[in-house]
Every structure is written in C-alpha cells, then in structure tokens.
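The values are calculated or read from the model by the stated rules, or taken from the named source; none is laboratory data. As the structure is a computational prediction, the values presented were derived from the model and not from experiment. Methodologically, a virtual Cβ is constructed for each residue, glycine included, from the backbone with ideal geometry; neighbour enumeration extends over all protein chains shown. Protein only, heavy atoms only, side chains kept; ligands, DNA and RNA dropped before computing areas. Shrake-Rupley method; radii C 1.70, N 1.55, O 1.52, S 1.80 Å.
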Amino acid sequence: MNDETTQNTDTTHQDNHKDEISHTLVHSGSAPKPEVIQILPMRETVLFPELVMPVVLDRPGPMAGAQHAMRNEQPVGLLLATPDDNGDDNDESPESRLHRVGTGANIMRYVTGSDGNHHLVCQGISRFRVREFFKDEEGRLSAKVIWIEEPAPEGDKHVDARMDNLRNSALEAIELMDQPSRELAHAIRSITSAALLADAVAGYLGLKAKEKQQILEAVELEPRLDRVQSFLDYRLEVMRLSRDINQQTQQRMGEHQRKAMLREQMRSIQRELGEDESTAEEVQRLREQLDEAKLPEEAAEQTDRELRRLERMSDASAEYSMVRTYLELMAELPWAKLSEDRIDIQASREILDEDHYGLDKIKRRILEHLAVHKLNPEGKAPILCFVGPPGVGKTSLGRSIARAMNREFVRASLGGVHDESEIRGHRRTYVGAMPGSVISHLRKAGTRNPVFMLDEMDKLGASAHGDPASALLEVLDPSQNDTFNDHYLGVPFDLSKVMFIATANVLDAIPGPLRDRMEVIEVPGYTREEKQQIARRYLVGRQLEQAGLTTDQCNIGDEALNALISNYTREAGLRNLDREIGAIVRHAAVQVAEGKPGPGTIGPDDLADILGPKRVDNEIALRTSIAGVSTGLAWTPAGGDILFVEASRAPGSGRLTITGQLGDVMKESAQAALSLVKARAGELAIEQERLDTSDIHIHVPAGAIKKDGPSAGVALYTALASLLTDRKVRADVAMTGEISLRGQVLPIGGVKEKTLAAHQAGIHTVLLPERNRKDEDDIPENVRGALDIRYVSHVDQAIEIALQDAATTA
C-alpha cells in the first residue's frame with residue numbers, strides 16, 4: 001500500500017497549489033472508461049472528481065500498478081484503506097480493508113524521486129463502485145468497477161438554495177484563513193455545477209479522511225450538499241474561535257510590548273537627565289521576580305500598585321525601603337510552589353520505627369492520617385496535637401512525618417508569645433512592621449505545603465496587645481485558613497495545603513475553642529525498659545559521635561544504663577538521661593584527649609566516680625516505717641510521680657491543720673477524708689475520745705511544689721486511718737483515687753503515667769478505682785506484669801489491702 005501526502009488538509013497545502021487551482025476545476029472530458037482498472041490503496045487521502053492532487057507511492061505493488069496504467073494510458077482507481085486493529089495497513093491482502101467507493105483518476109505526471117519513492121500528479125475523473133477485486137497475472141491489484149455518473153438536476157430550487165448557502169460559507173472560510181487565497185475564492189464563485197461545488201469545497205475544507213469518504217459515497221446531490229455544509233459549519237466555528245483567540249493573544253502581547261517600550265523610553269529619559277538608574281533597575285528586577293512567583297489576582301493587583309508607587313519614589317525616601325521590603329517578601333513567598341507528596345505507607349512505617357522506639361498507638365494514628373491524605377489529597381485533614389511530658393519525642397515525630405511525606409519541615413515555638421501581631425503580623429503603617437510567624441516560616445520553607453509544627457502551644461499568653469490563641473483559630477480551621485489574612489501582607493494567603501501539627505505539655509492550658517479544632521494524641525512517658533532501648537539505639541551513639549569517640553574507647557554497658565536510669569534520673573522523657581550519658585562520654589573524652597586509651601566499658605560501679613552519688617533515693621521503706629504515712633500517685637506535666645502523705649496527731653480539741661502548699665481541691669479532699677474517718681470510726685475500731693482530744697496535722701512533703709487535685713483522697717484517708725489505728729501502711733503499696741463521704745472510690749485520670757511512676761519507684765502493688773479498669777489497656781504490658789494492680793470501689797477495700805495487721809505492726 002502506498003504512502004501519500006495528505007490532500008489539502010490545511011491552508012499550507014492550499015497555498016502550495018494556488019497555481020494548480022485553474023486546472024483543478026477543468027472537466028476531464030468524456031473519454032470511454034474501462035471496466036477493469038488498477039487499484040492504488042490510499043492511507044489518508046481521498047480524491048474527488050475534477051480535482052488535482054499529488055500522490056506518493058512507496059510500495060512495490062502500487063508502483064507496478066501505476067506504471068502499468070501509465071504505459072497503457074488507462075486511469076487508476078484510488079480507494080481509501082482502513083488500518084487493521086494493530087494500526088498496520090500492509091498490502092498483503094488489503095481487499096477486506098478497502099472501501100468500495102473511490103475515484104478514478106488520470107495520471108498527469110509520473111516522477112521517480114531520489115529517495116526511491118514514486119511521485120504522481122493525479123486528476124479525478126469520476127466516482128466508481130467496486131464490483132470485484134482480483135489480481136492480474138503480474139500480481140497487481142485490480143478491480144472490476146461500475147462508474148457512477150454525476151446527477152445534473154436543472155431548475156431544482158432546493159439544490160440552488162443549498163449551493164448559494166454552501167458557496168457563502170466557503171467564501172467566509174477562505175477569508176478566515178491565515179493567508180486567504182484570491183484564486184481559490186474566484187474559482188468557488190465561478191462554479192455552476194452543484195456536484196462540483198460540493199466536491200471542491202470538501203477537497204479544500206481540511207476534513208479527516210473518513211469524513212471525506214462519507215462525502216465521496218454520497219451520490220445524491222441534496223444529501224451531499226447537506227453533509228458538506230454540516231462539516232463546513234463546524235470548521236467555520238473552529239476558525240472563528242481560533243481567530244478570536246489569536247486576536248486576544250496579539251492584543252495582550254501588544255499591551256505588554258507597549259509597556260516594555262514605555263519603560264525603555266523612561267530609562268532613556270532618566271539617562272539623558274543624569275538621574276540614578278538604580279530605581280528603575282530595582283523595579284524591573286522586582287517585577288520579574290513577581291511575575292515568576294505567579295501571584296493570585298488580588299495579590300498581583302496589590303503588588304502592581306506598590307510597584308507603580310515605587311517607580312515614583314526616590315531611593316533616598318524612608319518609605320522606599322519599606323515598599324521594597326514588602327515587594328521582596330511578596331516575591332519570595334511560595335504562592336504557587338508545592339512539594340510533591342510521595343507517601344508510601346510501608347516506607348513511612350519504617351521511617352517512624354527508625355526514628356522512634358515504642359509509641360505504637362501514636363505511630364498507628366500517624367499512618368492512618370497519612371493513608372487518608374494519600375487517598376484524598378484534597379480532603380480537609382484534622383490538625384494533630386501531640387500532648388505529653390517534655391522529652392518524649394513530640395517534635396521529632398513531626399520531623400518524621402515531614403520526612404515520610406517528602407515535605408519541608410518548619411517549627412514555630414509559641415512559648416511566651418503574648419501578642420496577636422506575632423501570629424497575624426503588623427500593619428505596614430507602623431515603623432518596623434513585619435509579617436507574622438506563620439508567613440515568615442512559610443517564606444523560609446519555600447513551599448506552600450510544608451509540615452508546620454506549632455510547638456509549646458500550651459505556653460501561649462495574652463496581654464493588652466491581643467490574644468494569640470484567638471488568632472490561631474483561623475490558622476487551624478481548615479474551612480477558613482484558605483484565606484488567611486496577615487496584616488502585613490494585606491491580601492489573603494492560602495494555608496489549606498499546610499499540614500499543621502501542634503505540641504503541648506498540658507492540655508488544660510489550651511483554650512477550649514482552639515482545642516476543639518485539633519485531634520489530641522497523648523504521647524506518654526517511657527518505661528525503664530523503653531528508656532534503656534532508646535538509650536542503647538539512639539542516645540549513646542549520638543553522644544559518642546558528637547564527642548568523636550568510638551565504642552572501644554567508651555562503652556556504657558546495659559547494667560550501667562539501668563543504674564543510670566534508676567539512680568540518676570526520674571522523669572517521663574529522656575532529656576536528663578541524655579545529659580547524664582553526655583557527662584559520661586565527656587569524661588571519657590578527657591581521658592582520650594590526654595593520650596590515655598579511655599575507660600573502655602563503663603559499669604554501674606563507675607557511675608559514682610563520674611556523676612557523683614545517687615540522686616534518686618528509694619524513700620519508700622523509710623517513709624512508711626511509721627504509722628500515718630501513705631504513698632500516693634500524682635500526675636504532673638512532666639509525667640507521673642509518687643507523693644507521700646504524712647499525718648500526725650497531738651493533744652488538742654480535734655482541729656485539722658493542712659500544710660505542703662496544697663490547692664483548694666486537695667484541702668477539701670483532706671477535710672472529706674477526716675470526716676469519713678470520723679464517720680467510720682466504729683468500723684475502724686477508733687475510740688471517739690481519741691478523735692475529740694487530738695489535733696490532726698496532714699502534711700505533703702516537697703512543700704515548694706504546688707499540689708492540687710482530688711485523686712489523693714484514698715491516700716489521705718489511708719494515712720489518717722493508719723495514724724488513728726496505729727497500723728502501718730505497707731511499704732510496697734501506692735494508691736490513687738477520689739473519695740466521697742459515703743466511702744466510694746471515684747475514677748481519676750493519668751492512669752498510665754501514675755502506674756509508670758509507681759513502677760519506676762519500686763512499688764509492687766497499686767490500688768486503682770474500679771471504674772478505671774477500662775484504662776488498663778493503656779498501661780504498658782511489661783508494667784502490668786511487674787505490678788500487682790488491685791481495683792477498689794470502696795475505701796474499706798483499700799484499708800484491707802494497704803494496712804498491715806495490728807499484730808504485724810506491733
């Protein structure tokens with residue numbers, strides 16, 4: 001099958017054949033037409049009768065058929081072929097893919113090209129329909145055909161009306177061409193045959209091959225004219241739209257060129273006047289940077305106004321530097337720059353496991369958050385807020401999330417922020433105005449979708465200059481932050497793509513409306529075993545690297561780490577442990593720097609020489625060796641802790657004294673505990689005379705630290721019962737729970753932190769309220785296994801477990 005050039009599919013072909021137009025529309029005469037002709041299959045070309053068209057042949061079969069017809073002065077038949085399903089149109093057996101209606105043509109010129117292809121110029125004679133395909137004795141594709149005569153109706157007003165309409169549309173299409181052809185327009189006007197007009201317009205219309213084939217197969221005049229008119233109407237709409245688009249583009253380019261010319265003239269005038277060119281160059285530089293920043297429409301209008309102001313200012317003006325600084329900020333902000341998210345859940349899980357030990361629930365929630373974001377990137381995800389003691393890894397979790405998402409990470413510390421302007425920025429009317437911390441950190445990140453950590457959110461303050469917590473409401477609300485308004489910018493900035501993460505030590509210090517916009521994820525303290533693993537995997541290696549030492553020069557053994565955790569630190573996090581490891585490593589670094597081989601492996605016995613005596617004493621046995629002392633459990637912002645409740649009595653009139661810097665709630669708990677003891681004096685075998693003639697003093701040591709809350713009720717009641725019954729409290733028992741005047745033990749919070757503190761302090765038995773049994777799953781498994789956790793619903797159960805028998809006490 002041949003490879004031919006496309007016939008008249010664009011205006012370029014029309015221009016190349018203007019000199020052939022006068023020949024195109026000349027009738028080919030009425031020579032007799034043979035019944036058998038050579039067939040030339042065409043790929044993308046359809047020839048119409050009376051039209052002239054170049055054809056290129058590149059295959060042996062069609063070449064042989066064309067040469068045979070040329071030698072015998074016979075016409076050839078051009079038939080459109082349809083490629084097979086694989087897009088192949090080879091001519092091994094093309095009959096099944098050839099249309100049955102084609103155009104007979106005389107070969108007017110035959111040239112063999114230097115590239116091996118054969119170039120023909122053909123003129124259409126008439127339509128024909130194939131009766132039968134066959135191959136002659138030379139293997140050339142031939143066909144028996146029926147020639148189709150063109151209908152020639154005379155005086156048909158329907159045909160005449162269609163001709164006039166088609167002619168007008170064709171002339172309009174010619175005028176809409178990039179380079180209108182006068183010769184083509186003249187030829188169209190001079191055609192009097194309806195059939196020839198339809199074929200000529202279709203030939204120069206630029207239709208697809210299958211559309212031309214439809215017109216070729218339309219023999220009747222009215223359907224043929226209607227079909228050509230339909231295709232031409234569509235083509236006219238496309239050409240009109242193309243013209244409008246070109247005009248708009250040229251208008252915009254003309255306006256841009258006009259402005260560029262005026263600016264160049266302005267620079268020339270300034271050079272002639274001897275004025276400084278730095279202002280014009282500065283404005284031009286800023287304009288180019290702002291164009292590259294792709295600002296939204298409102299911001300672009302604002303910066304354009306400021307640029308015009310800057311052009312009229314002297315660079316010696318004080319306002320000049322303010323406007324220039326503002327424009328530089330607008331150009332540097334990431335208005336349209338986004339980091340490409342690459343969220344792989346398995347890789348994210350590995351990153352979290354690599355950076356953090358334990359914290360399984362937190363990791364699972366983070367992976368859920370990432371999975372939802374991967375499946376629906378346009379969704380409004382909740383703001384995560386990590387709440388936990390210092391040093392448990394809240395900030396580093398944010399860094400790991402950024403690394404897992406392939407995003408930039410920025411951190412803004414909110415501790416001590418007490419001015420709304422530090423969030424929203426200052427208005428530019430003030431001297432020294434600057435944008436708020438949100439915009440400033442986005443400028444530093446260089447992208448509009450970083451992971452943005454708002455650290456220490458519970459340390460926000462308020463003053464006469466406004467409440468920064470209220471300013472953060474807009475920042476953290478996904479339904480509002482797409483139009484965040486920084487006072488310095490003066491235009492909205494879209495924060496909807498930013499992934500905000502907040503951290504806090506105490507949830508209660510965060511205002512309610514702000515807390516309502518975040519999903520709180522509690523990050524608990526670490527157990528002794530977790531601290532040992534973290535120290536072994538991360539802390540020791542990091543300190544050795546910072547000191548430039550190897551493990552051969554300084555190796556802290558597991559027993560030394562256990563002793564370090566138990567005797568030198570008591571915290572929920574790891575910062576003090578990290579500092580103590582750093583002190584050991586620096587001790588070894590001094591020896592190595594002096595030329596000594598270093599201490600090598602450090603055991604628990606070496607800690608006293610390096611760090612001094614133990615800093616954490618086990619006070620349990622000492623504190624509970626006398627009646628009237630009980631061990632309670634407390635929650636603090638730094639994690640759980642144990643506290644001791646001491647009660648003593650002296651001769652008096654039944655007066656109660658409470659010391660230890662206790663809050664109002666804890667004082668009320670002490671009053672309730674004493675009232676409950678008096679009410680249950682009979683069950684506790686306490687003589688009424690003893691109550692009436694004794695003054696009771698309750699003291700909670702560590703008086704410099706404020707203490708409050710109702711959860712010490714059970715410990716207060718147990719200490720008073722121990723004092724007045726002379727029965728000691730078991731040294732290995734700690735308790736927590738609020739009490740009522742009916743003796744019920746009510747639920748409390750911070751179960752995990754309190755049990756961790758008990759475990760670290762060497763407690764064996766912990767009393768918890770029965771209604772806190774549901775929180776048992778939050779306690780680490782190894783802590784549950786090490787502790788004997790008893791659930792009590794009444795103070796009698798607590799007394800039965802906590803107090804020693806009278807005989808044992810004696």
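Those residues that are more than 11 Å from VAL540 (Cβ to Cβ), among the hydrophobic types (A, V, I, L, M, F, W, C), free of Cβ contacts under 8 Å to residues at least 60 places away in the same chain and surrounded by 18 or more Cβ atoms within 10 Å (Cβ to Cβ), I need them from the stretch 566-588; list them, please. Correct list: ALA588 only.
Considering the stretch 321-336, and only residues there that are of a type outside the set (A, V, I, L, M, F, W, C) and either buried (at least 17 other Cβ atoms within 10 Å of the Cβ) or in contact with a Lys or Arg (Cβ under 6 Å, 6 or more places away or on another chain) (or both), the residue that is farthest from ALA371 (Cα to Cα) turns out to be ARG324. For ALA757, work out the one condition from (1) touching an Asp or Glu at 6+ places or on another chain (Cβ under 9 Å); (2) assigned to a helix (DSSP H, G or I); (3) under 19 Å from HIS794 (Cβ atoms) it doesn't fulfil. Just one mismatch for ALA757, condition (3).
Applying the set (1) within 30 Å of PRO780 (Cβ to Cβ); (2) open to solvent by less than 70 Å² (accessible area, probe 1.4 Å); (3) in a helix (DSSP H, G or I) to ARG349 leaves exactly one unmet item: (2). Looking at ARG342, is it surrounded by 14 or more Cβ atoms within 10 Å (Cβ to Cβ) and within 21 Å of the chain's Cα centre (by Cα)? No. Across the stretch 368-407, the qualifying residues are those that are among the aliphatic types (A, V, I, L, M), free of Cβ contacts under 8 Å to residues at least 40 places away in the same chain and open to solvent by 20 Å² or more (accessible area, probe 1.4 Å), and the one among them that is nearest to GLU354 (Cα to Cα) is ALA371. Would you say LEU741 is open to solvent by 50 Å² or more (accessible area, probe 1.4 Å), modelled with pLDDT of 90 or more and not charged (D, E, K, R)? Yes: the conditions hold for LEU741. The number of residues in the stretch 657-704 that are surrounded by 15 or more Cβ atoms within 10 Å (Cβ to Cβ) and more than 26 Å from THR636 (Cβ to Cβ) comes to 10. Scanning the stretch 352-375 for residues that are part of a helix (DSSP H, G or I), more than 14 Å from ARG407 (Cα to Cα) and of a type in the set (A, V, I, L, M) turns up LEU352, ILE362, ILE366, LEU367, ALA371, VAL372, LEU375. A count restricted to the stretch 517-552 and to residues that are of a type in the set (S, T, N, Q) and part of a loop (DSSP other than H, G, I, E, B) stands at 3.
Condition check ((1) more than 25 Å from VAL506 (Cβ to Cβ); (2) open to solvent by less than 60 Å² (accessible area, probe 1.4 Å)) across all residues:
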{"residue": "PHE409", "(1), (2)": "no, yes"}
{"residue": "VAL417", "(1), (2)": "no, yes"}
{"residue": "ILE423", "(1), (2)": "no, yes"}
{"residue": "ARG428", "(1), (2)": "yes, no"}
{"residue": "VAL431", "(1), (2)": "yes, no"}
{"residue": "GLY446", "(1), (2)": "yes, yes"}
{"residue": "LEU454", "(1), (2)": "no, yes"}
{"residue": "LYS459", "(1), (2)": "no, no"}
{"residue": "LEU476", "(1), (2)": "no, yes"}
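Being among the hydrophobic types (A, V, I, L, M, F, W, C), in a strand (DSSP E or B) and crowded, with 19+ Cβ neighbours inside 10 Å is a condition met by at least one residue of the stretch 796-806.
Considering the stretch 431-462, and only residues there that are of a type in the set (Gly, Ala, Ser) and in contact with a strand residue (DSSP E or B) (Cβ under 6 Å, 6 or more places away or on another chain), the residue that is farthest from ASP486 (Cα to Cα) turns out to be ALA445. The conditions of being open to solvent by 20 Å² or more (accessible area, probe 1.4 Å), of a type in the set (A, V, I, L, M, F, W, C), closer than 24 Å to PRO49 by Cβ and in contact (Cβ under 8 Å) with a residue 40 or more places away in the chain are not met by VAL228. Are any of the residues in the stretch 745-755 at pLDDT 90 or above, β-branched (Val, Ile, Thr), more than 46 Å from the chain's Cα centre (by Cα) and under 26 Å from ASN567 (Cα atoms)? Among the residues of the stretch 745-755, not one is at pLDDT 90 or above, β-branched (Val, Ile, Thr), more than 46 Å from the chain's Cα centre (by Cα) and under 26 Å from ASN567 (Cα atoms), which makes the answer no. In the stretch 207-223 there is at least one residue that is over 23 Å from GLU44 (Cβ atoms) and buried (at least 18 other Cβ atoms within 10 Å of the Cβ).
Within the stretch 461-472, the set of residues being surrounded by fewer than 17 Cβ atoms within 10 Å (Cβ to Cβ) and assigned to a helix (DSSP H, G or I) comprises SER470 only. Is there a residue being among the small types (Gly, Ala, Ser), modelled with pLDDT under 90 and closer than 21 Å to SER440 by Cβ anywhere in the stretch 332-341? Taking every residue of the stretch 332-341 in turn, at least one turns out to be among the small types (Gly, Ala, Ser), modelled with pLDDT under 90 and closer than 21 Å to SER440 by Cβ. All conditions in (1) over 52 Å from the mean Cα position of the chain (by Cα); (2) part of a helix (DSSP H, G or I) hold for THR192, with the sole exception of (2).
Listed conditions (1) at pLDDT 80 or above; (2) more than 22 Å from ALA64 (Cβ to Cβ); (3) in contact with a helix residue (DSSP H, G or I) (Cβ under 8 Å, 6 or more places away or on another chain) are all met by ASP84, apart from (1). Among residues of the stretch 481-504 that are more than 20 Å from ARG305 (Cβ to Cβ), those with a Cβ under 9 angstrom from a residue that is buried (at least 22 other Cβ atoms within 10 Å of the Cβ) and of a type in the set (Lys, Arg), sequence gap 6+ or separate chain, pair up as PHE484/ARG424; MET499/ARG407; ILE501/LYS394; THR503/LYS394; ALA504/LYS394. Among residues of the stretch 195-220 that are part of a loop (DSSP other than H, G, I, E, B), those with a Cβ under 9 angstrom from a residue that is open to solvent by 30 Å² or more (accessible area, probe 1.4 Å) and of a type in the set (A, V, I, L, M, F, W, C), sequence gap 6+ or separate chain, pair up as LEU205/PHE231; LEU207/PHE231.
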